[in-house]
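*Asks:* Below you'll find the structure I mean.
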Amino acid sequence: MEVTASKAGEMSREETIVAAATQLFAEYSYAAVGIRAIAESVGIMSSSLYYYFPSKEDILFRICQQATRDFIAVHGAVLASHETGGSRAETLKTLMGSHVRYFWENRLAQQVAARELSQLSPERFEEVRDWQRAYTADLVEYVEMGVAAGEFDVPEPAIVVRAALDMLNSVFRWFTPRKNLGIDEVAELYADLIVDRLLGAAHVSRGENR
């Protein structure tokens, strides 16, 4: 996420600090950036920054929340939406597309969280890992329910879900928008590939056996 003057004007002070720290950590690493550098990048004194974040680790933890928990809190509920109509395949495609777009829009936070997670205290490290494990478990359970309902055709849901997450999580590392290919198109392609091919929804809908 680039921090421009216009965006900074729309952010709270806390969000501005997090955005600036994310850029600095991504460019120089967590260990190489001090509180003073973060404070200077947003035009405040170090003592003022401590009002919002008591330590540099608190800032990193907030970045990890943005990269993981915030997405899960907003989009994890999508898995329950099939109860109000629609197939599990379409619900999962919606979630997969949102996953790609969110990770792309928050790509610097994803980069920092993936690289610097071990810098957190053991308690905070495990908290972030618990969010990740819970999201994975929810997806596995959802696919297993889809298999039981005859909507998906996959012999090892847990393995396929983890493979799918590896795909979804890596888009921001290689994707560069092109004239005829934006992040929305990539998100749709990935969602279709994972649900229709890896989970076998296309075969099921056509009454075929794999």
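*Asks:* Return the pair list, or none, for Cβ contacts closer than 9 Å from residues in the stretch 40-62 that are under 15 Å from L24 (Cβ atoms) to residues that are among the acidic types (D, E), at least 6 apart or on different chains.
*Replies:* If the second residue must be among the acidic types (D, E), the pairs left are S46/E40; F53/E14; L60/E116; R62/E14.
*Asks:* Which of the numbered conditions does E141 fail, given that it passes all the others? Conditions: (1) surrounded by fewer than 18 Cβ atoms within 10 Å (Cβ to Cβ); (2) touching a residue at least 40 places away in the same chain (Cβ under 8 Å); (3) acidic (D, E).
*Replies:* Of (1) surrounded by fewer than 18 Cβ atoms within 10 Å (Cβ to Cβ); (2) touching a residue at least 40 places away in the same chain (Cβ under 8 Å); (3) acidic (D, E), only one is false for E141: (2).
*Asks:* Could you please find all residues in the stretch 180-191 being among the acidic types (D, E) and either without any contact (Cβ under 8 Å) to a residue 40 or more places away in the chain or over 13 Å from S98 (Cα atoms) (or both)?
*Replies:* E185
*Asks:* Right, something else. For the stretch 107-124, how many residues are assigned to a loop (DSSP other than H, G, I, E, B) and surrounded by fewer than 18 Cβ atoms within 10 Å (Cβ to Cβ)?
*Replies:* So the answer is 1.
*Asks:* List the helices (runs of 4 or more DSSP H) that sit entirely inside the stretch 125-210 and contain at least 1 residues that are within 22 Å of W104 (Cβ to Cβ).
*Replies:* Of the helices (runs of 4 or more DSSP H) lying wholly inside the stretch 125-210, those with at least 1 residues that are within 22 Å of W104 (Cβ to Cβ) span 157-174, 183-192.
*Asks:* Out of D138, D130, which single residue is farther than 14 Å from L79 by Cα, among the acidic types (D, E) and at pLDDT below 95?
*Replies:* D130
The values are calculated or read from the model by the stated rules, or taken from the named source; none is laboratory data. What you see is a predicted model; the values in this text were computed from it and never measured. Ideal geometry is used to build each Cβ from the backbone, glycine not excepted, and the neighbour counts take in all protein chains shown.
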